[in-house]
1. Within the set of pairs 6+ apart or on separate chains, which have a first residue in the stretch 143-158 that is surrounded by fewer than 23 Cβ atoms within 10 Å (Cβ to Cβ), a second that is modelled with pLDDT of 95 or more and acidic (D, E), and C-beta atoms under 7 Å apart?
2. Looking at this structure, is D355 modelled with pLDDT under 95 and at positive phi?
3. Does at least one position in the stretch 248-260 carry a residue that is crowded, with 19+ Cβ neighbours inside 10 Å, assigned to a helix (DSSP H, G or I), modelled with pLDDT of 95 or more and on the phi < 0 side of the Ramachandran plot?
4. For the structure I just gave you, tell me whether L23 is outside any loop (DSSP other than H, G, I, E, B) and either farther than 23 Å from F204 by Cα or within 23 Å of the chain's Cα centre (by Cα) (or both).
5. Can you tell me which residue within the stretch 123-141, out of those that are over 17 Å from the mean Cα position of the chain (by Cα) and in a strand (DSSP E or B), is farthest from E155 (Cα to Cα)?
6. If the Cβ limit is 6 Å and pairs must be 6+ apart or interchain, which residue in the stretch 36-53 that is assigned by TED's automatic domain parsing to the domain that holds E256 and crowded, with 21+ Cβ neighbours inside 10 Å pairs with which residue that is among the charged types (D, E, K, R) and assigned to a strand (DSSP E or B)?
7. Any idea which residue in the stretch 155-176 is modelled with the highest pLDDT, counting only those that are within 22 Å of the chain's Cα centre (by Cα), under 21 Å from F91 (Cα atoms) and assigned to a loop (DSSP other than H, G, I, E, B)?
8. Take P89 and decide whether it is in a helix (DSSP H, G or I) and either of a type in the set (V, I, T) or crowded, with 17+ Cβ neighbours inside 10 Å (or both).
Amino acid sequence: MTTVKKKILLITSPRPKPGDSPLHFGDNRPPQGLGYLAAYLKQNGHEVEIIDLYAFGGEIFHNNPFVNQEEIGKQLHIDILENIASFRPDFIGMYIHTMSFETACDLSRELKQFYPDLVQICGGPHPTIMPESMPDTFDYIVIGEGEYALLDIVEGYTSDRIIYGNHLRSKDLDKLPWPDFDLFWGKPYNWGLKLYEKDIWPVFTISTSRGCPFRCRFCGIKYVYPFFKGISERRIFDRMIQLAKRYGVETFYFREDCFTADLRRLEAFCSLIIEKGINFKWVCESRVKELSPRLIRKMRRAGCLGLYIGCESGSPRVLKNMRKDETREDFIEKFPILHEHGINTYTTWVYGTPDEHAADRRLTDELITMIQPTTVDRFVYIGIPKSDYYNQFLENREYEFIDKCGFLYPNGYLSLATQLYGKEDPRVQYVRRIYSQNSIANVDIQW
């Protein structure tokens, strides 16, 4: 079969309107997933454009109390219909996560009305874990990793509506082309590190692994990526050199589930930077249990400025129930060492998980005071579709409501959220509104 050059428009699903989500918006960094897809399609001779409606489309976010102002870029005016008329794509591929499920469906229906012959493809976390929820306006649903599946659709090698992406291995990731930052650079993304209390610019995002080898019950990543795989340390280092030469960047954010999961790769990566004497700086998402004091010192020598750490609880009982495979003692031991070496810590903590009691919440608050993270972000648990906790709440009917996107609100959610966030918080106001609209009675829980 002779391959005919096609035009593909890749988009992120739009953000919900301000006040239409139980979650805060933020981050606003370039979409690496779409960057990988675009690079692979281009490598195979096709023309690709990316429009990031999650970051720039939709409602006005500046000075809006529903949006984290620290992590947003400038607003761009994007008319998706005008862009389609100008680019005239053969296919449109939409990345969808659960928070933007409703807005994705609305946009898909609008596109089908104005451009009925335009082939629509969807992929990302939500279509992967809940393909049955996708409306028939989508001609194709890609489940899992999309590079090979999307190319098969574009080049006419499959007519199945539901396409299962290949489970790529580490050696496969090493062969994929890197995202083209020319598609992102110059646009008002978040190019800084305010999240880690660092005044540095620019900071480029790199995604070097997929999946997670750990087994936390609140997370559904295993249904998107069944196993962990990562790009080799040498290729990561060469990529940093390449970006530094082209864009003058010296600081990088490894934005993935757990950059430090492969200790051999982490050690070798740090050795490369130290041996070459390159003054790179970087932050990443990590656990602490596996990081020895010696490795922490080496990470700092290699330029590590900060870690995004999902501690989640200070209660030994809750941590065990979560299957975090980390202990309160791990946090007490490692945080002083991280801070001693100048590595800032952004931490997340979650309340309201199954069988949690007031005493568990007190233990969490006490641990936060004890280890003094650089930044503390507290949340009330919301069920992510298909995660183990979600399934447990669903099976035991221990929830107040499931919204149209699929988020599950456990018994006591609204009560805990009101006490943690405050009754004027937009997340609380949103949940109160949907509870009222659906005549939902909430369960009161004392903090």
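1. From the stretch 143-158, the pairs are T158/D152.
2. Yes.
3. No, because not a single residue in the stretch 248-260 is crowded, with 19+ Cβ neighbours inside 10 Å, assigned to a helix (DSSP H, G or I), modelled with pLDDT of 95 or more and on the phi < 0 side of the Ramachandran plot.
4. no
5. Within the stretch 123-141, the match that is farthest from E155 (Cα to Cα) is I141.
6. Partner pairs satisfying both residue conditions: none exist.
7. Of everything passing the filter in the stretch 155-176, G165 is modelled with the highest pLDDT.
8. No; evaluated as a whole, the condition is false for this residue.
The values are calculated or read from the model by the stated rules, or taken from the named source; none is laboratory data. Quick caveat, the model's predicted, so the values are computed rather than measured. No Cβ is skipped: glycine too gets one built from the backbone with ideal geometry, and neighbour counts run over all protein chains shown.
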